[in-house]
Amino acid sequence: MIGTLAPDRTKMDAPRISLVTTCLNAGATIERTVISVLGQRYPKLDYIVMDGGSQDGTAEVLRRYRRFFAHLDAGPAESRAALAAKGFARAEGEIMAWIDDDTTLAPLTLDFVSWFFTAHPTVDVIYSHRLTIDGEDRAVGYDILPALSAKQARRHPLIPQETCFWRRSLYERCGGIDPRFTAAPAYDLQVRLLERGRARRVDRFLAARRRRPDTNGGMPAGFEDEVRHIQAVHGMTPRAWSRWSEARLRDTIAAHGQQFAEAGACRPGCLPGLGWSYDRLWGGTLHVPRENGV
């Protein structure tokens, strides 16, 4: 596996990491998400899975891994934000992240996250570049993020949810996930985290996001409206220059991603170029059928 080297961990002092996966009718992909989390072999993992009333084969897949979860909830249909809020209410870890059913973690991500937060005690939030994969797990795009200033990170919804990890202490001070948001709950949380905490972009890929077929250009319906509402609530009323600034940032991120792909560049958590299967990064283990979990 190329680019997966992470510092050695000390099992006794490694922080507990809580991951919450929210899912809905993800029978075709949820197993790859679960395998990428459990396959980290992280010694202090607190993995919580919240199923929002799936009607396909999701529940059957999750039952095979039940003994590896700290908690599994397969209750009635709810929004992803409501599910995540309930999941994090059960979390016990010092470090947290929201890993949706369209996410596949890179190998050794949790080792790196553990090391980074231990080595940088003044950093409260980390995030990485974004890798996008398709339904067959082929790499189809990169977003190469600059080291955003605190103002940029709050004003513009650019931090990839699937690569964002934060300290529990900050999450509790910020009030957690607001279940009233259905399209941009992760951005709302990020704004509040970044108002009180210090963030750092890491120069690697912590996860891959699978394109959702039910979104427009990767954004759920109502996303822009909720973003504007969140910005207004936090005193970031959009002006002409701010929209221009965000468009320019997005163009720069996309251009750098295209250059990265064309150059065959590589960082931890990816392989060179486009079209390669994420399963290769995992040594061919993401698609291995499991009868009784990992």
Residue list for segment 98-109, restricted to those being hydrophobic (A, V, I, L, M, F, W, C) and in contact with a helix residue (DSSP H, G or I) (Cβ under 8 Å, 6 or more places away or on another chain): TRP98, ILE99, LEU105, ALA106
Of the criteria (1) of a type outside the set (D, E, K, R); (2) closer than 19 Å to GLY87 by Cα; (3) more than 17 Å from the chain's Cα centre (by Cα); (4) part of a helix (DSSP H, G or I), which one PHE181 fails: (4)
1 or more residues at pLDDT below 95: qualifying helices (runs of 4 or more DSSP H) within segment 191-292: 223-233, 240-262
Every residue from segment 22-60 that is under 25 Å from LEU108 (Cα atoms), β-branched (Val, Ile, Thr) and surrounded by 21 or more Cβ atoms within 10 Å (Cβ to Cβ): THR22, ILE30, THR33, VAL34, ILE35, VAL37, ILE48, VAL49
Any chance GLY57 is in contact with a Cys (Cβ under 9 Å, 6 or more places away or on another chain) and over 16 Å from THR163 (Cα atoms): no
Index of the failed condition, HIS120 passing every other in (1) at pLDDT 95 or above; (2) more than 18 Å from the chain's Cα centre (by Cα); (3) under 25 Å from VAL227 (Cα atoms): (3)
Flag if LEU83 is in contact with a Gly (Cβ under 7 Å, 6 or more places away or on another chain), closer than 20 Å to LEU45 by Cβ and not polar (S, T, N, Q): yes
Any pair with Cβ under 9 angstrom, 6 or more apart, that starts in segment 238-251 at a residue that is within 12 Å of LEU158 (Cα to Cα) and ends at one that is at pLDDT below 90 and in a loop (DSSP other than H, G, I, E, B): GLU246/PRO238
Enumeration of residues in segment 138-163 that are out of contact with any His (no Cβ under 8 Å at 6 or more places or on another chain) and either within 20 Å of VAL233 (Cβ to Cβ) or among the β-branched types (Val, Ile, Thr) (or both): VAL140, ALA150, LYS151, GLN152, ALA153, ARG155, HIS156, PRO157, LEU158, ILE159, GLN161
Hits in segment 145-157 (condition: hydrophobic (A, V, I, L, M, F, W, C) and buried (at least 22 other Cβ atoms within 10 Å of the Cβ)): LEU145
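Among THR132, THR109, THR104, which is at pLDDT 95 or above and either of a type in the set (Asp, Glu) or under 30 Å from SER242 (Cβ atoms) (or both)?
Checking each option against the conditions leaves just THR132.
Would you list the helices (runs of 4 or more DSSP H) that sit entirely within segment 73-172 and hold 1 or more residues that are among the polar types (S, T, N, Q) and touching a residue at least 60 places away in the same chain (Cβ under 8 Å)?
109-119, 150-155
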Number of the exception - VAL61 against (1) without any contact (Cβ under 8 Å) to a residue 60 or more places away in the chain; (2) in a loop (DSSP other than H, G, I, E, B): (2)
One residue from GLY197, GLY175, GLY235 being without any contact (Cβ under 8 Å) to a residue 12 or more places away in the chain and small (Gly, Ala, Ser): GLY235
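Before we move on, is ALA82 modelled with pLDDT of 95 or more and surrounded by fewer than 19 Cβ atoms within 10 Å (Cβ to Cβ)?
Against the criterion (modelled with pLDDT of 95 or more and surrounded by fewer than 19 Cβ atoms within 10 Å (Cβ to Cβ)), ALA82 does not qualify.
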ALA77 being surrounded by 21 or more Cβ atoms within 10 Å (Cβ to Cβ) and aliphatic (A, V, I, L, M): no
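The values are calculated or read from the model by the stated rules, or taken from the named source; none is laboratory data. Because the structure is predicted, anything quoted here is derived from the model rather than measured. When we count neighbours, we look across all protein chains shown, and the Cβ atoms used for this are built from the backbone with ideal geometry, even at glycine.
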